[in-house]
Amino acid sequence: MMYSQFASVYDELMQDIPYPAYADLIHTALNGLSDKRILDVACGTGILSVILAERGANVTGIDLSEEMLTVAKKRAQNRFPSLQFMHQAMQQLAVPDQFDAAVIPIDSLNYLEDEQQVNQTFKGIYDALLPGGLLLFDVHSTFKTDVLIMESPFTHVSQDISYIWETEEGEETHSVHSDLAFFVREEDGRYIRFDEVHYQRTYPVMKYVEMLERTGFTVERIFADWEDEAPEEESERIFFQVRK
């Protein structure tokens with residue numbers, strides 16, 4: 001996936017994501033955020049990183065996209081100059097410190113190509129956590145990849161950004177290929193087009209549990225769709241809260 005242009009529209013596309021609710025989940029699981037060391041994995045443009053820093057956490061963000069990190073650094077530089085951002089792939093995690101918690105927000109884990117990369121990510125995070133450290137992440141449900149996302153095309157129209165999103169099943173079970181055409185309004189009123197190709201893959205809930213437990217994590221809670229309720233057949237976003 002190429003992120004150089006996608007980074008410029010990412011914040012608008014994600015404006016409906018309740019990032020403060022994510023921070024609330026971490027706050028509750030850690031009994032507070034003040035002075036806690038948190039690793040924000042696939043931090044994107046740093047939206048959640050900054051919210052966590054606002055609540056007193058010491059945050060390190062990693063992301064595969066240098067363009068995303070450039071936006072994240074600009075977001076944080078005036079108010080939180082100590083907030084660190086590192087250019088890394090999550091499945092090749094190499095951080096010098098250990099953390100009280102790690103978070104992989106907004107189905108970022110689903111961008112990994114295969115089970116081996118998921119296992120590598122879990123192992124890297126496990127090693128980066130202090131004893132008793134928390135890992136919180138969310139993924140697409142199989143219902144979302146197999147049914148809801150297949151109902152494309154989807155469209156989005158706003159004053160400055162529009163897109164057409166088309167999907168097709170990937171070769172692997174519960175995987176999706178997405179083709180997105182973006183139309184972005186320039187200052188002179190003209191629109192430029194750029195295209196993105198995204199691939200995501202998810203697994204059944206118990207497969208994630210198997211991978212997590214094999215890594216050494218203890219599963220504390222599994223819930224769905226931002227609610228404190230167990231996943232159901234038509235849940236869309238599945239959350240995992242686990243401990244080292």
Report, by residue number, each residue of segment 134-167 that is over 18 Å from HIS198 (Cβ atoms), in contact with a Lys or Arg (Cβ under 8 Å, 6 or more places away or on another chain) and outside any loop (DSSP other than H, G, I, E, B). LEU134, LEU135
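If we keep just the residues of segment 207-226 that are in contact with a Lys or Arg (Cβ under 8 Å, 6 or more places away or on another chain) and in a strand (DSSP E or B), which is nearest to ASP138 (Cα to Cα)?
In this case the residue turns out to be ALA224.
Show me the helices (runs of 4 or more DSSP H) entirely contained within segment 1-75 in which 3 or more residues are surrounded by fewer than 18 Cβ atoms within 10 Å (Cβ to Cβ).
The helices (runs of 4 or more DSSP H) meeting that bar are 6-13, 19-30.
Yes or no, residue by residue, for (1) over 16 Å from ALA42 (Cβ atoms); (2) in the same structural domain as ILE47 (by TED's automatic domain parsing); (3) more than 17 Å from the chain's Cα centre (by Cα):
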| site | (1), (2), (3) |
| --- | --- |
| ALA89 | no, yes, no |
| GLN92 | no, yes, no |
| ALA101 | no, yes, no |
| LEU109 | no, yes, no |
| GLU113 | no, yes, no |
| LEU130 | yes, yes, yes |
| LEU134 | yes, yes, no |
| HIS156 | yes, no, yes |
Inside segment 212-244, the number of residues satisfying the requirement of being surrounded by fewer than 17 Cβ atoms within 10 Å (Cβ to Cβ), more than 19 Å from the chain's Cα centre (by Cα) and basic (Lys, Arg) is 1
Quick check: anything in segment 131-149 at positive phi and touching a residue at least 12 places away in the same chain (Cβ under 8 Å)? yes
Would you mind stating whether ARG190 is over 18 Å from the mean Cα position of the chain (by Cα), at pLDDT below 95 and surrounded by fewer than 13 Cβ atoms within 10 Å (Cβ to Cβ)? yes
Go through (1) touching a Phe, Trp or Tyr at 6+ places or on another chain (Cβ under 9 Å); (2) assigned to a loop (DSSP other than H, G, I, E, B) one by one and return the number of the condition GLU171 breaks. (1)
Please determine, by comparing only the residues of segment 193-211 that are of a type outside the set (A, V, I, L, M) and under 24 Å from SER158 (Cα atoms), which one is nearest to the chain's Cα centre (by Cα). HIS198
Could you look through segment 227-244, keep only residues that are outside any strand (DSSP E or B) and over 16 Å from PHE143 (Cβ atoms), and pick out the one that is modelled with the lowest pLDDT? ASP228
I'd like the full set of residues that are free of Cβ contacts under 8 Å to residues at least 24 places away in the same chain and exposed (fewer than 14 other Cβ atoms within 10 Å of the Cβ), limited to segment 155-180. THR155, VAL157, GLU166, GLU168, GLU171, THR173
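The values are calculated or read from the model by the stated rules, or taken from the named source; none is laboratory data. From a predicted model like this one, the values you see are computed outputs, not experimental measurements. Cβ atoms come from the backbone with ideal geometry, glycine included; neighbour counts cover every protein chain shown.
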